[in-house]
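Input: a single structure, listed below in structure tokens.
Bear in mind that the values in this text are calculations on the coordinates, not laboratory data. Note that this is a predicted model, so its numbers are computed, not measured. A quick note on method: Cβ atoms are made from the backbone with ideal geometry, for glycine too, and the neighbour counts reach across all protein chains shown.
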Amino acid sequence: MVGSDQKALQMIGVSKRFPGTLAVDKVDFEVRAGEVHALMGENGAGKSTLMKMLAGLFNDYTGEIIINGEVCKLHTPTLAKEHGVGMIYQELSLARRISIWENLLVGRLPKKGAFIDRGEAIKQSKELLARVGLEYIDPTIEVSEISQCEAQLVEIAKVLGNNPSIIVMDEPTSALSSEEVKRLFNIIKQLKAQNLAIVYISHHLQEIFDIADTITVMRDGKKIKTYPVADTTSEQLVEDMVGKSVKNMKEKERNIGGDVILEVKDLTRWGYFHHVDFSVKAGEVLAICGLAGSGRTEIGRAIVGADALSQGTIIKDGKECNFKNMHDGINSGIGYLTEDRKVMGLALTQNISDNILVTLIDKLGKGIFYNAKKHSKIVEEKIKEIEIYPPQPERLINNLSGGNQQKVLMAKWLATDASILILDEPTRGVDIGAKQTIHEVVLEYAKKGNGVILLSSDLPEVVGLCDRAIILREGYITGELTGDEISESTLLMAANGEGVHVS
């Protein structure tokens, strides 16, 4: 239940325009004190832009923002903090090479005269860490020494240190295990009890129904509907988000025939994975499943030549390969979609066209000369195939939503005409509509006789897409499932060392 009728936040008729795009169009949005208000919508719906206005990142928005009854001009992040707005972003703002206490108290370090009071700073940091269940962590160590999950909770503690009255959580569970999600939800319940207003953004529908009191849905920059969470269903919520009924992922026709187009034998990179053997057939989607740290990503990177092998053999189309680097792997017809699109996958300051064509420069260029405009047809085909929005080849990647950035990354590898695609978390952090589009593209790609190696922690995704699943545990293959054996329960049990073994 919502704890108060007090309106902690009101946004009245707010709008934000970017060149060529009205990202937020006269939106009304309010959150009460003691309420968890879920803000939902597909990537590109305007959610992030709306919250960036609240965070003070734009000085040219129109409309009114009222916090605790006071009309505010939030034209800088400092002004937003002063008015009690705390932002917890999906991509952490922590500095990894300095201590936890310095991160927690940045901008408000306690002082003794002209000097920092280190003892008081550590004391305050321990109190903040205890608020998020991290009392066991030494605040003097660097952020780089803790896990990604712990860093997410440190980020939350940092925001709480500013004593906000409104907290925005953007995909706060993206790096958390199921146990850590429970811990976060307990923290949120405590914050509700303290009468804080919480805006919660997530693509995980079950989280919304578990933690939220109210839902507001946005689509194409407009507010579509606001309702109590108890008054809707997941089906209705999805329909409101995408503007149409979304069908369940179609049943995949199992491709058990076809020639072997990739085989790995005794693949080993000491400390990461050991004595790995498997093959991929034409038209097959093979999933490599395992818990975080099992070695999935490392196997994918080694196959394409991004990381060196300690030993083992890679055979593609019947020929033994010796990739010295990723360039060799790509030239042999293997594509690798990284799990980290912003650091390793895309050039964020370049446009859609340049990002899609980057892997084709060797093939399409002439000596040192290359003209992207000559190859615009390829770009247009891929934009249409994977439904990138807006369909503007010259639009900068930085100006796309996360889901459309992910589609560009997918288009980049589809453009290579690779016969094997290694997809590492291909739909992480994207909305339901974008996920369905990517799934359909993957199935169509495999149907053409290509092979897919899927590295995913999304169990429904694995069940819906793959023909066969290899189970990886602590760097070793421990089991294999095929066809109807593959279910969320069997995958989860297998990943935890139960229920299935290599024959």
Quiz item: If you keep only loop residues by DSSP, which chymotrypsin sites (Phe, Trp or Tyr not before Pro) in region 108-199 have at most 12 other Cβ atoms within 10 Å of their Cβ?
Solution: Tyr136
Exercise. Starting with the fewest neighbours, write out Asp431, Asp458 ranked by other beta-carbon atoms found within 10 Å of each beta-carbon.
Key: Asp458, Asp431
Quiz item: Using alpha carbons only, how many degrees (0 to 90, rounded to 10) separate the axis of helix 432-447 from the longest principal axis of the chain?
Solution: 0
Quiz item: Based on the Cβ-Cβ distance from Ile12 to Gln392, what FRET efficiency comes out when R0 is 25 Å, to the nearest 0.05?
Solution: 0.20
Quiz item: Can you give the helix-only mean residue ellipticity at 222 nm for the chain, where every DSSP H stretch with n ≥ 4 adds -39500 (n - 2.57) and the sum goes over all residues, rounded to the nearest 500 deg cm²/dmol?
Solution: -9000 deg cm²/dmol
Practice problem: Using only Cα atoms, locate the centre of region 1-71 and the centre of region 85-118, then give the distance between them in Å, rounded to an integer. | Solution: 27
Quiz item: Treating the beta-carbon of each Lys and Arg as +1 and of each Asp and Glu as -1, no other charges, what is the dipole magnitude of the chain about its Cα centre, to the nearest 20 debye?
Solution: 1500
Quiz prompt | Cα centroid separation - region 296-323 against region 420-489, whole Å | solution = 20
Practice problem: Multiply the residue separation of Glu239 and Glu70 by 0.36 nm, subtract the distance between their alpha-carbon atoms, and state the gained length in nm to one decimal. | Solution: 57.3 nm
Quiz prompt | Relative contact order (percent, whole number), region 45-98, Cα cutoff 8 Å, 6+ residue spacing | solution = 31
Quiz item: How big, in percent, is the set of alpha carbon pairs in region 339-416 lying more than 19 Å apart?
Solution: 27
Quiz item: Just in region 99-172: which GluC sites (Glu not before Pro) are loop by DSSP and have at most 15 other Cβ atoms within 10 Å?
Solution: Glu135
Exercise. List every residue whose amide H lies under 5 Å from the amide H of Gly451, counting only residues 5 or more places away in sequence or on a different chain, with H placed 1.01 Å from N in the peptide plane.
Key: Gly283, Ile420, Leu421
Exercise. Compare the Cα positions of Asn186, Ile166, Ala151 along the charge dipole of the chain (+1 at Cβ of Lys, Arg; -1 at Cβ of Asp, Glu; about the Cα centre) and return the one farthest towards the positive end.
Key: Ile166
Self-check item: Relative contact order (%) - criterion: Cα under 8 Å, at least six apart; region: region 339-416
Solution: 47
Exercise. For Thr478, list long-range residues whose amide hydrogen, built 1.01 Å from N in the peptide plane, is under 5 Å from its own amide hydrogen.
Key: Ile471, Leu472, Arg473
Quiz prompt | Footprinting exposure proxy for Ile356, Ile166 (fewest neighbouring C-beta atoms within 10 Å first) | solution = Ile166, Ile356
Exercise. At 7 Å along the Cα-to-beta-carbon direction for both Val358 and Glu485, put a label point, then send me their distance in nm to one decimal.
Key: 3.9
Practice problem: Give a quick list of trypsin sites (Lys or Arg not before Pro) in region 431-490 that DSSP marks as loop, anything other than H, G, I, E or B, with at most 15 other Cβ atoms within 10 Å. | Solution: Lys448
Practice problem: Sort Trp270, Trp413 so the one with the fewest other Cβ atoms within 10 Å of its own Cβ comes first. | Solution: Trp270, Trp413
Practice problem: Measure nothing fancy, just the Cα-based angle from helix 402-414's long axis to the longest principal axis of the chain, in degrees from 0 to 90, nearest 10. | Solution: 10
Quiz item: Can you pull the semi-axes for the chain, root of five times each eigenvalue of the Cα gyration tensor, sorted largest first, whole Å?
Solution: 40, 27, 23
Practice problem: Report the FRET efficiency, 1/(1 + (r/R0)^6), for Gln194 and Asp417, where r is their Cβ-Cβ distance and R0 is 35 Å, rounded to 0.05. | Solution: 0.05
Quiz prompt | Cα-Cα pairs of region 124-167 separated by more than 14 Å (percent) | solution = 44
Quiz item: When the convex hull of the Cα atoms of region 7-242 is projected onto a plane and the area is averaged over all directions, what value comes out in nm²?
Solution: 13.4
Self-check item: Rounded to 10°, Cα long-axis angle of helix 376-385 versus longest principal axis of the chain
Solution: 70
Quiz item: So what is the relative contact order for the chain, in percent, with contacts set as C-alpha pairs under 8 Å and at least six apart?
Solution: 15
